[in-house]
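Written out below as structure tokens is the structure these notes cover.
The values are calculated or read from the model by the stated rules, or taken from the named source; none is laboratory data. Note that the structure is a prediction, hence the values are computed from the model and not measured. As a convention, Cβ positions derive from the backbone with ideal geometry for all residues, glycine included, and neighbour counts pool all protein chains shown.
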Amino acid sequence: MILKNARVFISFLWRDWHCKRKHLGQWIINFTLLYPALYCFCFGYVKPRILFPNNPDTMSTILLMGPVFLMVLIVTFDLSLDLLLDLDEDRFTEYQTLILSPRLYLLERLTFSTLFTFGITAPFMPIAKFILGSHLATPGLSWPQYFLILFTSSLACSAYHICAMCILTKSSQLMSLWTRITFIFSTFGGFWVPRAVLMSFIAEYSSWAHYLVFINPFVYITDGLRGATIGGSGFISPLLCALVLVGFTVITMLFAAFFFKRKLDHV
């Protein structure tokens, strides 16, 4: 039984890869080459020199980690979108869950989304270093920690979007997902400014509300990326961020399995 499930699991992974491979060139051009180049120019060179002329190189790195996070969000959203669309219309997913158990099916989607997203976004930082050179300050850069955070970020964002697609009941709710949840959590998750600056700003208005920032899982993505590239005590430890993101993935996938079961009404 285990061997059979393993073969089906791998077959589903291969099927997903075969479907995405047809448009792999577009993915590489957009997310591996074009977007990194544009983000490097806007967030890595122009903005820090206009807004922070006294320390543009360090701020270049701080600002650039936001677009890295954004790319992970966009790719994982796109990869999970067909789950909602299928459950909303064709329901081919029901046939797939007759071959592979629903929980393993969700695990397969999580695995593929994580690996594909990581593969597409991994070249971002090397390209940024190549384009910006000394204009991108990375005094504490640790490639193993950076790629660890990028991988666990791909994992957590994949789980987040899979869970969202299992909860949403129709495609018309996608806009609400982005505007009411994803955008807000991203904004208060360190997309624009580091977590420490965000907390100090909130602390001016409340003596306790700034601690709520730590509840936001996106904080551990942006702070982990900045900590792995800049280093220092101003950021949460990348290893701790990776552990939190893995824990968030487990909890989110449990919720996804619950709502997925309700949608399929399987036994």
Do we find that Thr117 is crowded, with 16+ Cβ neighbours inside 10 Å, β-branched (Val, Ile, Thr), more than 24 Å from Gln173 (Cβ to Cβ) and at pLDDT 90 or above in this structure? no
Against the definition (surrounded by fewer than 19 Cβ atoms within 10 Å (Cβ to Cβ), over 26 Å from Asn55 (Cβ atoms) and either out of contact with any Gly (no Cβ under 7 Å at 6 or more places or on another chain) or among the basic types (Lys, Arg) (or both)), how does Phe201 come out, yes or no? no
Do any helices (runs of 4 or more DSSP H) lying entirely in the stretch 18-67 carry at least 2 residues that are in contact with a Leu (Cβ under 8 Å, 6 or more places away or on another chain), free of Cβ contacts under 8 Å to residues at least 60 places away in the same chain and farther than 19 Å from Thr222 by Cα, and which ones are they? none
For the subset of the stretch 163-172 comprising residues that are of a type outside the set (D, E, K, R) and touching a helix residue (DSSP H, G or I) at 6+ places or on another chain (Cβ under 9 Å), which member is farthest from Leu254 (Cα to Cα)? Ser171
Taking the stretch 90-146 and keeping only residues that are over 30 Å from Pro53 (Cα atoms), part of a loop (DSSP other than H, G, I, E, B) and touching a residue at least 60 places away in the same chain (Cβ under 8 Å), one is left with Leu100, Ser101
Need a quick list: helices (runs of 4 or more DSSP H) entirely within the stretch 148-267 having at least 1 residues that are over 25 Å from Leu79 (Cα atoms) and among the β-branched types (Val, Ile, Thr). 195-203, 217-229
Return yes when Phe218 is at pLDDT 90 or above and within 24 Å of Ile120 (Cβ to Cβ) and no when it is not. yes
Is it fair to say Met175 is surrounded by 13 or more Cβ atoms within 10 Å (Cβ to Cβ) and either farther than 20 Å from Leu243 by Cβ or in contact (Cβ under 8 Å) with a residue 60 or more places away in the chain (or both)? no
Among residues of the stretch 43-52 being within 15 Å of Gly133 (Cα to Cα) and of a type in the set (A, V, I, L, M, F, W, C), the residue surrounded by the fewest Cβ atoms within 10 Å (Cβ to Cβ) is Val46
Check off (1) more than 22 Å from Ile149 (Cβ to Cβ); (2) out of contact with any helix residue (DSSP H, G or I) (no Cβ under 6 Å at 6 or more places or on another chain); (3) of a type in the set (A, V, I, L, M); (4) surrounded by 15 or more Cβ atoms within 10 Å (Cβ to Cβ) for Ile74 and give me the number that stays unchecked. (1)
So, in the stretch 210-232, exactly how many residues are of a type outside the set (S, T, N, Q) and surrounded by 24 or more Cβ atoms within 10 Å (Cβ to Cβ)? 9
Do you know which residues across the stretch 53-66 are buried (at least 18 other Cβ atoms within 10 Å of the Cβ) and out of contact with any helix residue (DSSP H, G or I) (no Cβ under 9 Å at 6 or more places or on another chain)? none
